[in-house]
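Below is one structure, written out as structure tokens; the observations come after it.
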Amino acid sequence: MKEYLSLVSKPVRYLGREINSIRKDPSKVKLKFCFAFPDVYEVGMSHLGIQILYHILNSKNGVSCERVFTPWIDMEKVLREKGIPLSSLESSTPLNQFDILGFSLQYELSFTNVLNMLDLSGIPLFSRDRDERFPLVIAGGPTAFNPEPVADFFDAIVIGDGEEVVLEICDLAIQWKESNGKKDDLLKSLSKINGIYIPSLHQGKKIRKRLISDLNRAPFPTCPIVPFMRVVHDRLSVEVARGCKRGCRFCEAGFIYRPYRERDPEAIQEAINGTLKQTGYEEISLLSLSAGDYSSIKPLLSNLMDRFESKQVAVSFPSLRIESIVGQLAGEVKRVRKTGFTIAPEAATERLRKVINKELDEAILFRGVSELFSMGWKNLKLYFMMGLPTEREEDLRGIIDLSRRISSLGERQKIHPQISVSVSTFVPKPHTPFQWEPQISLEVMKGKLQFLKEHVKGKKIRLKWQDPHLSFLEGVFSMGDRNLSRSLVEAHRLGCRFDGWSDQFRYDLWEKAFEKAGLEMTFYTRKKNFEETLPWSFIETGVGSDFLWKEYQRSLKEEITPSCSAGDCHRCSLCDGKEITVREGRPLPKDAPQKKERSEIRKKGLRMKFRLTFVKKGEVRFISHLELAHLFYRSAKRAGLSLHHSEGFHPMPKIIFEKALPVGVESLREIVDIELEGRIASDELIDRLNRSLPDGIEIIEAREVLLPFASSSPPDRSVYRIYLDRLLSKEEAQSRLKKALEKGELFILQERKEKKRRIDLLPLIERAEVREETGESGDIAGLELELVLRSLSGKTAKPLEALEALLGLKGEALAQCRVIKVE
């Protein structure tokens, strides 16, 4: 795969070798495990579960864990055209050569990506067609709680928490390999492990979910992988609690991850402190289904801000209940910078909130929002659902009215807020009180959405929504049975990929797939009765169906059920009051450190500015300029350097590059200016930075420049060496070059920042010369073009743009040319 990175749009997705990634010695490995995420890299690497399981598996002697993500459309095209199998990031091993291939199932609309990854790896789609010559293909994750739509494709499926069971699977697999057993022998052994479902052997036995009763016993990665590219959630994510106390009736996660369990705040602080040193992240996200319910959230947040404010490390939350914001939290968060706030009322009227068991006092809501506005927050995201059970037109109007009232509150406080209203369609989920509810039809979805579009207008409120076709298909697979495997195979054959991406989703192909499979989508979205055996009925979450049905009836009566509590609750029958129970973390000691003053190192005048010269070569040439800037920032933090930051609303480190290097171009001399607080010798600076930078980037010189000292101006010329290998003969290359340079003008079409412009290339060329490249033995190894490009009136050209115009190379031949900037 890595030989063709120049042919794809975001090659950094496929590089591997990130900071803290692990490559084990193959001679010491007994079992090769590959963690597969059925979406692109930047989505998968935002998922904390990958980091946790990667850390656990690679901590085990004799086991190596690598990663693979779904290749984007352009990379898939390259793989199929070249006949190259999909391979892992760490060692470029084809997936069909691993012992275990483990998929993370986070979203129903990623199922076709699972099939595509198997197909690209030369692995049969169906479990029944794979013997011991192929990897054991397993899965886990939240959508595994209804495994039936994909059951035919997997050998084993993990239900519940994976931290312990994944090691048990590996132990059995090692024993099986050493005994040279048959696949059936391994499956029979795996079926005896609690929490593992073997579809091919299942005969109605109940499968009880795996549960880690004490989160403090669950390992947490202290050296997580730091991606080169900007991923969706580009920050240090720390799970402070698992499960939820609230019992919102639409929320699958709130029921399948019961009981609520907290990690001790001291353990969280210790983990964050160590992990920041290993990663250099500038933001911490405290993860939980409802982080505001964490029992020590206020003292924990205060302590984190006291410890990390001087280092410009911010804290954020995925979403918060508004009552958590009132008082201290927002004030603590803003001490570094105002990270975003998302508030999820879900329903806009009191009646409908009672139906879904979402308690929200509107007086507290407006008080909390007012406090946010008074502290300077302007951007606020509100999350609602439409199509909820018993919904009426007044509930839809409530979304509009509530959003307008919040916007008007900001206007009165002279904030002029930007309110983002995100609306999704309710999808009934397994193991919830609404699992018997029907999903509204496509036509009704479209009508409700149109109603909102017509009434939510204006610059101050921005409406976002999900395509109703996506929500409808999600509902089909959410409530589906094993027959749906037929439609999945058909959809994959028709070309369905990345169905969760609106620009790739093809509902017309899905309609054809269901027609070919002889299935009706609406069969799965219909209303169910209590006596009906649901496809997932054999999965035991610990929350009984009787309780769920009672909750469903309470919802129809608009009755609220109180939150879970520690002690003798037993309402849902999951907790035993001993091992399985609601667990709150031990409170922080009262003598916890108080707010620290800024370090003496930050006194005015104790600053240094360095001009660094570095090389960038090898595979890291595919890291973009913006990614390189972030890489330097985090490398400096890992190196323990005290960076000087700008003042203002969003403080930024003073790291300024002389010029942006095009993606795919290597360089023997790049310049970056960096400002530090405190004193440090040049040699020590070089040593510390080089130890924290990835292979391929090396500081070769550090020169102190006096303050105040303006950053260097971008050079007006760059010298490139372009290796042509044997694409053209010397005579042909020289002839083409001569003809191009003798023209009166040579126009090229450039695209910059999504805008196109037509410029004359010739004034930008100072010199161009074709010459023969000699190898170490003195033999001619090919041709090279030495190209000197200048900048005029803010215009310049990329070396490959010039190469295409001068020598007429195109497509793959052009993209595969090696380019080195020599000065």
Worksheet item: When only residues in region 440-462 that are in contact with a helix residue (DSSP H, G or I) (Cβ under 9 Å, 6 or more places away or on another chain) and outside any helix (DSSP H, G or I) count, which is most open to solvent (accessible area, probe 1.4 Å)?
Response: K460
Item to complete: Return yes when E266 is over 28 Å from E627 (Cβ atoms) and open to solvent by 10 Å² or more (accessible area, probe 1.4 Å) and no when it is not.
Response: yes
Practice prompt. From G331, G280, grab the single residue that is at positive phi and open to solvent by less than 30 Å² (accessible area, probe 1.4 Å).
Written response: G280
Worksheet item: Can you pull out the residues in region 254-263 that are open to solvent by less than 20 Å² (accessible area, probe 1.4 Å) and touching a strand residue (DSSP E or B) at 6+ places or on another chain (Cβ under 7 Å)?
Response: Y260, R261, E262, R263
Worksheet item: Given the conditions (1) more than 36 Å from the chain's Cα centre (by Cα); (2) under 30 Å from V8 (Cβ atoms), and given that P694 satisfies all but one, which numbered condition is not satisfied?
Response: (1)
Worksheet entry | Enumeration of residues in region 491-519 that are under 20 Å from the mean Cα position of the chain (by Cα) and in contact (Cβ under 8 Å) with a residue 12 or more places away in the chain | R497, F498, D499, G500, S502, Q504, F505
Discussion item. For region 542-554, check the following and say yes or no: at least one residue is assigned to a loop (DSSP other than H, G, I, E, B) and either exposed (fewer than 13 other Cβ atoms within 10 Å of the Cβ) or of a type in the set (F, W, Y) (or both).
Written reply: no
Discussion item. Can you confirm whether E670 is open to solvent by 50 Å² or more (accessible area, probe 1.4 Å) and at pLDDT 95 or above?
Written reply: no
Worksheet item: Which residues, counting only those in region 105-115, are open to solvent by less than 50 Å² (accessible area, probe 1.4 Å) and out of contact with any Cys (no Cβ under 6 Å at 6 or more places or on another chain)?
Response: L105, E108, L109, S110, F111, N113, V114, L115
Worksheet item: If we keep just the residues of region 168-207 that are without any contact (Cβ under 8 Å) to a residue 60 or more places away in the chain, in a loop (DSSP other than H, G, I, E, B) and hydroxyl-bearing (S, T, Y), which is nearest to P149 (Cα to Cα)?
Response: S191
Item to complete: Working carefully through the options D503, D499, D508, find the one that is part of a loop (DSSP other than H, G, I, E, B) and open to solvent by 20 Å² or more (accessible area, probe 1.4 Å).
Response: D503
Fill in: Those residues of region 500-516 which are of a type in the set (D, E, K, R) and either in contact with a helix residue (DSSP H, G or I) (Cβ under 9 Å, 6 or more places away or on another chain) or within 23 Å of V40 (Cα to Cα) (or both), in sequence order
D503, R506, E511, K512, E515, K516
Item to complete: Could you list, in sequence order, all residues of region 779-823 that are part of a strand (DSSP E or B), open to solvent by less than 50 Å² (accessible area, probe 1.4 Å) and either of a type outside the set (G, A, S) or touching a Pro at 6+ places or on another chain (Cβ under 6 Å) (or both)?
Response: L783, E784, L785, E786, L787, V788, L789, V819, I820, K821
Discussion item. Can you list residue pairs whose Cβ atoms sit under 8 Å apart, with the first residue in region 399-411 being among the acidic types (D, E) and the second being outside any helix (DSSP H, G or I)? Count only pairs 6 or more apart in sequence or on different chains.
Written reply: D401/A348; E411/P417; E411/K460
Worksheet item: Where residues in region 169-193 are in contact with an Asp or Glu (Cβ under 9 Å, 6 or more places away or on another chain) and within 21 Å of T541 (Cβ to Cβ), which of them is surrounded by the fewest Cβ atoms within 10 Å (Cβ to Cβ)?
Response: I193
Item to complete: For region 5-40, name all the residues that are of a type outside the set (A, V, I, L, M), touching an Asp or Glu at 6+ places or on another chain (Cβ under 9 Å), part of a loop (DSSP other than H, G, I, E, B) and open to solvent by 20 Å² or more (accessible area, probe 1.4 Å).
Response: S9, K10, R17, S21, R23, K24, K30
Worksheet entry | Residues (assigned to a loop (DSSP other than H, G, I, E, B) and either of a type in the set (S, T, N, Q) or open to solvent by 10 Å² or more (accessible area, probe 1.4 Å) (or both)) located in region 131-167 | D131, E132, R133, F134, G141, N146, D161, G162, E163, E164
Worksheet item: G744: in a loop (DSSP other than H, G, I, E, B) and either open to solvent by 70 Å² or more (accessible area, probe 1.4 Å) or in contact (Cβ under 8 Å) with a residue 12 or more places away in the chain (or both), yes or no?
Response: yes
Practice prompt. Output the residue which, of all residues in region 356-394 that are among the β-branched types (V, I, T) and open to solvent by 50 Å² or more (accessible area, probe 1.4 Å), is nearest to E443 (Cα to Cα).
Written response: T390
Response to the item:
Taking region 464-496 and the residues there that are of a type in the set (D, E, K, R), farther than 20 Å from F384 by Cβ and outside any helix (DSSP H, G or I), the one that is most open to solvent (accessible area, probe 1.4 Å) would be R482
Discussion item. So, in region 71-104, how many residues would count as being farther than 24 Å from I22 by Cβ, open to solvent by less than 20 Å² (accessible area, probe 1.4 Å) and either of a type outside the set (D, E, K, R) or in contact with an Asp or Glu (Cβ under 6 Å, 6 or more places away or on another chain) (or both)?
Written reply: 2
Worksheet entry | Only one of G475, G447 that is closer than 25 Å to A151 by Cβ and either in contact with a strand residue (DSSP E or B) (Cβ under 7 Å, 6 or more places away or on another chain) or at pLDDT 95 or above (or both) | G475
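The values are calculated or read from the model by the stated rules, or taken from the named source; none is laboratory data. Quick caveat, the model's predicted, so the values are computed rather than measured. All Cβ positions, glycine included, derive from the backbone under ideal geometry; neighbour counts span all protein chains shown. Ligands, DNA and RNA are stripped out before the accessible areas are found, and what is left, the full protein with its side chains, is counted by its heavy atoms. Shrake-Rupley method; radii C 1.70, N 1.55, O 1.52, S 1.80 Å.
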